[in-house]
Ligand SMILES: [Zn+2]
């Protein structure tokens with residue numbers, strides 16, 4: 001590999017070469033998002049310093065604004081519906097939620113399962129909220145690396161957290177050390193193989209170029225997880241909660257208006273009242289609605305449109321991994337026969 005100096009280090013999951021997609025800017029730190037030509041997953045190239053990421057999430061990411069808290073509460077209901085069967089079938093034992101935000105889902109897990117639920121959360125604002133509102137939850141630390149490995153948990157759950165990480169291998173190793181034999185990791189994260197993302201990566205609503213550093217794909221080979229001692233028990237595309245993208249339909253209408261005005265203006269020149277209406281809706285969408293507004297009437301509209309469309313946008317990935325006991329892990333490793341060494345972290 002003579003030219004290896006300037007060649008991309010390759011996909012963390014399958015080792016294939018990657019292609020750069022668009023620029024990422026996390027609080028002034030600039031990188032490129034790169035897509036794997038093999039499994040389709042995406043990660044920033046090159047990784048950002050972990051300490052800088054931790055500072056960003058501790059101080060800047062959450063602000064305890066009313067809409068952020070409300071959004072977290074709505075999302076907790078959606079996540080719970082998606083994972084309750086999986087959680088119900090895990091071994092008895094405590095649960096750890098990583099990146100718990102304002103703690104709504106963790107509290108729901110605690111009440112629904114009757115188990116102890118601990119949380120990992122880097123944001124000071126969120127931790128203060130959790131202490132205040134959900135005192136039964138124990139804040140175990142600011143990251144999984146900070147926890148003492150004790151194979152204590154029956155499940156580690158994380159929802160829309162993995163896209164904020166950049167190297168999954170190190171994270172999974174830390175999580176494995178916290179899980180009982182047979183314990184599970186349950187995660188929801190944007191789906192790198194979503195149709196909208198494949199079609200137009202820059203305009204995909206989940207790009208979040210100011211915060212998202214990684215998108216996982218259902219095509220990641222099972223052997224990647226097996227080498228780390230996990231068996232994939234569930235990996236499926238799902239439909240995201242409508243609150244993730246409030247105002248997206250008005251935004252789409254706005255984009256149509258832009259296209260008609262700037263590209264094929266003559267079409268609407270024939271029907272001026274329609275053009276005026278589209279322009280007014282466009283201005284409304286642009287100026288009046290906060291990007292993450294959780295106005296209840298808007299959420300209801302979004303929900304209705306999603307239902308009418310039959311949940312076609314399977315932009316989210318539900319991933320469940322089971323930690324195999326030491327004997328099983330050895331068998332798994334033997335079965336996948338020392339597959340490539342590129343993924344060492
Ligand atoms: Zn890959």
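Only the coordinates and a few stated rules stand behind these numbers; no lab work does. Being a predicted model, the structure only gives us computed values, none of them experimental. Glycine also receives a Cβ, built like all others from the backbone with ideal geometry; neighbour counts cover every protein chain displayed.
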Treat each spin label as a single point 7 Å out from the Cα along the C-beta direction, and report the residue 16 to residue 86 distance in nm. 2.3
What is the order of 134, 215, fewest Cβ neighbours within 10 Å to most? 134, 215
Tell me the label-point distance for the pair residue 132, residue 46, using the 7 Å Cα-to-Cβ offset, in nm and rounded to one decimal. 4.2
What is the fewest-to-most order of 324, 121, 73, 54 by other Cβ atoms lying within 10 Å of their Cβ? 54, 73, 324, 121
What ranking of 50, 226 emerges when the number of other C-beta atoms within 10 Å of each C-beta is taken as an exposure proxy, fewest first? 50, 226
Given the convex hull of the Cα atoms of segment 1-159, what is a quarter of its surface area in nm²? 11.8
